[in-house]
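First the structure, in the form of structure tokens, and then the observations on it.
Any read-out appearing in this document is the output of simple, stated calculations on the displayed coordinates, not a laboratory observation. Bear in mind the structure is a predicted one, so any value in this text is a computation, not a measurement. Cβ atoms come from the backbone with ideal geometry, glycine included; neighbour counts cover every protein chain shown.
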Amino acid sequence: MSPGTPQNILGNAISISGAKTFPVNGKLSVTSVMVTNPDSYITGFDILYGWIIADQAVLPRVEIYPENETAEQSTQQGAADMQESQANATSAALSLLGYKGDTKLIVNSVNEKSFAFKALLTGDQIIGIDGIVLTSATQITDYLDSLSPGKVVKVKILRGAAVTNNAADNSIEVPIKLSARDDGSAFIGVNIETKHNYPITVKIKLDETGGPSGGLIFALGIIEKLQSEDLIRGRNIAGTGTITDTGKVGPIGGITEKIIGAKKAGVSIFLAPQDNCSDITHPELLQGIKVVPVATLSQALDVLRAPDSANLASCNIG
């Protein structure tokens, strides 16, 4: 794993229609890492070189990719994660700005090895679980965290024409036995695509980038374009972090390498997930860049609005 090159999203990466946009001043970049694909053969020399070079990391393959995952599967998963990240970023940004929209949780795929296989179908809309009315995928994750594999949950769905017509009266309740992940946690066995219907349309396009870690920066970029306030103020800012559709920022992998890549690109302020601070290493390579921890989209906005970055809290890098 090695540092990637930050990509400024305030150029043509974000396009917005249906609302007035404003000029931008400065750079706001997503960061990335370069990794070998699951099918790559790593030699002893490669491992030794990675250990010697401080800005690179050598990790067991299973820490990056699920067991037996192919390069094609990895690319597909990365694209799906990126799509979900962009949808969450759009929802978080527009909600914070006061826009109202409808949200649909649509089954994108079903794990053939889970108990949900054939019980839930691609295209089903999940509207509830065990009596909980769902408005975000985060609610499902939070609820399942409190349950154990083997428990049966009642999933309320819309199917077929009922999805198109928003016919909640035609809902179906499907009992699903929870499956177990390798770490012992419970899961239903579906990938969910969150579809948001807002009065404006946001499209995000980045070449050769996958995964969920750009969510925070995407959300900030949308906000920067949709309001007259100049958040960036001519600065070179970058960051990373997943985001939920409610604006919660989550940890990512490769945090040190991403900061190193940002420093090489002249970034002055780096927004990092609060939960990643303890993962940052090699302080000797990070002199001159301020790494500011954030846990929510609102906190990130407060950082950008601060008149003097010298007074901002920073990760204790050791």
Item to check | region 102-196 pair-distance distribution - Cα-Cα, 10 Å bins, rounded % | outcome: 17, 55, 25, 3
Checklist outcome for this item: Given 216-224, 148-156, 175-183, the highest-first ranking by average Cβ count within 10 Å works out to 216-224, 148-156, 175-183
Next on the checklist: Between residue 102 and residue 203, how high is the FRET efficiency from 1/(1 + (r/R0)^6) when r is the Cβ-Cβ distance and R₀ = 22 Å? Nearest 0.05.
Outcome noted: 0.75
Checklist outcome for this item: Across 10 Å bins beginning at 0, the whole-percent shares of Cα-Cα pair distances in region 238-303 come to 23, 55, 20, 1
Item to check | Virtual spin-label span in nm between residue 164 and residue 151, 7 Å along Cα→Cβ | outcome: 3.7
Checklist entry - Hey, which lysines would be in cross-link range of residue 151, C-alpha to C-alpha under 20 Å, not counting anything within fewer than 8 residues on its own chain? => result 113, 118, 177
Item to check | Loop-located trypsin sites (Lys or Arg not before Pro) in region 196-274 whose Cβ has at most 12 other Cβ within 10 Å (DSSP) | outcome: 205, 233
Next on the checklist: Tell me the net charge near residue 199. Cut-off is 13 Å between Cβ atoms, residue 199 excluded, with +1 for each Lys or Arg and -1 for each Asp or Glu.
Outcome noted: +1
Checklist entry - So how do 305-316, 266-277, 188-199 stack up, highest first, on mean other-Cβ count within 10 Å? => result 266-277, 188-199, 305-316
Item to check | Residue (of 109, 147, 134) at the positive-pole extreme of region 102-196, dipole from beta-carbon charges | outcome: 109
Checklist entry - Setting aside same-chain residues fewer than 8 positions from residue 27, which lysines have a Cα under 17 Å from its Cα? => result 205, 225, 258, 263, 264, 290
